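For reference, the structure discussed in these notes is given below.
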C-alpha cells in the first residue's frame, strides 16, 4: 500500500512540476521584460528548486567517454562482459588501437569493483572507476533494480549475491584484483574464502575493502544500532512493500529505494536543507558553476533502486544482527565459510576517519579473520578527514587513497610474489 501511495503522490504533483518548469523558462526568456530583475531571478530559482525536490531521478549515465593514458585521450565504452537477471558485469573497454599507441604491448591489471547493492546505483562509484581507468582493465558489478526484475526471474538473496561474485571472478580468470566498496565487504570476503577453500585458481590476487561492515559490532554507528534494536519481524512489517503492477517487477516484495533514501537523508537532514538553501541562493545570484555542482551530486544521490526482500532481510540478519561471518559461524550452501583459508591474496583495508556508516574498526576486522595471510600481505589505512563517501570518491580519494591502492595492486601482481607471501617493491612507494 505504501508503495502505491508513493506513486500516487508522485503523479499528483506532476502537473505542479510541469507548471514550475514552464514558469522557470518563461521568467528566464529574453522576451520577458522583467528578465534579470531580482524578483524574476527569485521566482525562477524557486521554480527550479521545486522541480528539483519533486522530480523522479532515473538511473544516471556513466558519462566516462574517455580517459587519459600517458597523456593521450583514449575512448572508453562500457560493455557487458557477464550478465544475469540481477547483475551485469560491465567492462569499461578502452580503445585497443589508442592503447597500443599510448602503452605499447604492456598489459594492465584487471580490477573488479564490486559496487554496493544498498539503494544506490553502481554509478555512485563513477569517481572510483574514473581513477582506475588510466592504468587498469576495469570491471564493475552493475546490480539490477528489483522493481525492474520480473517475478518469473526468481528470487535473489544473500547467498545468490555470493554466488554471483564467485561466478564473475571465474569469468575474469586468475590474477584479478577485487575492490569491495561498503556493503559488499562481507559477501565478497565470503566469496573469496569459498574460492580459496575449493582451491580455485580464480581466487583473486588482491582484495581491498573500503568502508565495509566486516564486523559491525565495532564502533557501531546509527545504522548499526537501529539494526540491532529492531527485530527482523519489525523490518519485514515496516520496510518491506509490494512493487506496483506498473513496473516489470510488479508484485515482487522489496525494500523500496525511497525508504532507504529517506533514512539516508534523515541522518543528516540539516546538511541537506542547508545544501538546498545554498542552491537556491546560487540560482538567484547566477552562480551557474556552484548550482551545477549541486545538481550533479543530487542527481546521483537521489537516484535509488529497490532491493529484494530476501536479500535485504538476510543481510540484516547475517551482517548486522548475528555477525555470523565475523564470529566464524557463517554457512554458505551447507559449507562453513573460513576466511583463514585465504593464503595467497593480498589484503588492503581502507577506512575514513569520519565515517558515520561503517565505523572505525569494522573494515579492519578482515585482518583478524584472514589468519592464513602473513603480515607481508596485509595493509591497513585510515584516511584522515573524510566520511563514508570520501573513502571512495572525491579529491582525497583521488590524491591519497587511490595511489595506495594502485601500489598495493602492483605489489602483488606476480603469482610468485603472492606465493612467497611478500610484496614487491613498487617504484614510487
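Couple of notes before you dig in:
- So residue 271, is it farther than 30 Å from residue 346 by Cβ, surrounded by 13 or more Cβ atoms within 10 Å (Cβ to Cβ) and free of Cβ contacts under 8 Å to residues at least 40 places away in the same chain: no
- Residue match in the stretch 381-389 (condition: modelled with pLDDT of 95 or more, within 17 Å of residue 204 (Cβ to Cβ) and in contact with a strand residue (DSSP E or B) (Cβ under 6 Å, 6 or more places away or on another chain)): no
- The one condition in (1) under 30 Å from residue 150 (Cβ atoms); (2) touching a residue at least 12 places away in the same chain (Cβ under 8 Å) that residue 343 fails to fulfil: (1)
- Single condition residue 36 does not satisfy, out of (1) free of Cβ contacts under 8 Å to residues at least 60 places away in the same chain; (2) within 26 Å of residue 149 (Cα to Cα); (3) loosely packed, with under 13 Cβ neighbours inside 10 Å: (2)
- Residue, modelled with the highest pLDDT, within the stretch 119-170, restricted to residues that are assigned to a loop (DSSP other than H, G, I, E, B), touching a helix residue (DSSP H, G or I) at 6+ places or on another chain (Cβ under 7 Å) and surrounded by 19 or more Cβ atoms within 10 Å (Cβ to Cβ): 156
- Residue within the stretch 205-223 that is part of a helix (DSSP H, G or I) and in the same structural domain as residue 364 (by TED's automatic domain parsing) present: yes
- Scanning the stretch 382-411 for residues that are without any contact (Cβ under 8 Å) to a residue 60 or more places away in the chain, surrounded by fewer than 18 Cβ atoms within 10 Å (Cβ to Cβ) and more than 20 Å from residue 176 (Cα to Cα) turns up 382, 384, 385, 387, 395, 396, 399, 400.
- Any hit, the stretch 316-323, residues being in the same structural domain as residue 116 (by TED's automatic domain parsing), more than 23 Å from residue 63 (Cβ to Cβ) and part of a loop (DSSP other than H, G, I, E, B): yes
- The number of residues in the stretch 94-106 that are out of contact with any strand residue (DSSP E or B) (no Cβ under 8 Å at 6 or more places or on another chain) and part of a loop (DSSP other than H, G, I, E, B) comes to 3.
- Residue within the stretch 171-187 that is in a helix (DSSP H, G or I) and modelled with pLDDT under 95 present: no
- Evaluation of residue 81 against the conditions (1) touching a residue at least 40 places away in the same chain (Cβ under 8 Å); (2) surrounded by 13 or more Cβ atoms within 10 Å (Cβ to Cβ); (3) farther than 30 Å from residue 155 by Cα shows that the sole unmet condition is (3).
- Looking across the stretch 182-205 at every residue that is touching a residue at least 60 places away in the same chain (Cβ under 8 Å) and over 18 Å from residue 370 (Cα atoms), the one that is surrounded by the fewest Cβ atoms within 10 Å (Cβ to Cβ) is identified as 183.
- Residue check, residue 361 in contact (Cβ under 8 Å) with a residue 40 or more places away in the chain and either touching a strand residue (DSSP E or B) at 6+ places or on another chain (Cβ under 7 Å) or more than 15 Å from residue 212 (Cβ to Cβ) (or both): no
- Restricted to the stretch 367-381, and to residues there that are within 18 Å of residue 404 (Cα to Cα) and touching a residue at least 40 places away in the same chain (Cβ under 8 Å), the residue that is surrounded by the fewest Cβ atoms within 10 Å (Cβ to Cβ) is 376.
- Pick from the stretch 90-109, criterion within 19 Å of the chain's Cα centre (by Cα) and crowded, with 21+ Cβ neighbours inside 10 Å, ranking: farthest from residue 164 (Cα to Cα): 92
- Index of the failed condition, residue 61 passing every other in (1) modelled with pLDDT under 80; (2) loosely packed, with under 13 Cβ neighbours inside 10 Å: (1)
- Test: residue in the stretch 282-294 that is loosely packed, with under 14 Cβ neighbours inside 10 Å, within 24 Å of the chain's Cα centre (by Cα) and modelled with pLDDT of 75 or more: yes
- Residue in the stretch 382-390 that is closer than 23 Å to residue 191 by Cα and in a helix (DSSP H, G or I) present: no
- Matching option when the condition is within 28 Å of residue 132 (Cβ to Cβ), surrounded by 14 or more Cβ atoms within 10 Å (Cβ to Cβ), in contact (Cβ under 8 Å) with a residue 60 or more places away in the chain and touching a strand residue (DSSP E or B) at 6+ places or on another chain (Cβ under 9 Å), among 308, 212: 212
- Scope the stretch 20-33; condition surrounded by 14 or more Cβ atoms within 10 Å (Cβ to Cβ) and assigned to a helix (DSSP H, G or I); matching residues: 20, 21, 23, 24, 26, 27, 28
The values are calculated or read from the model by the stated rules, or taken from the named source; none is laboratory data. The structure displayed is predicted, hence computed values, not measured ones. Here Cβ is always computed from backbone atoms with ideal geometry, including for glycine, and neighbour counts include all displayed protein chains.
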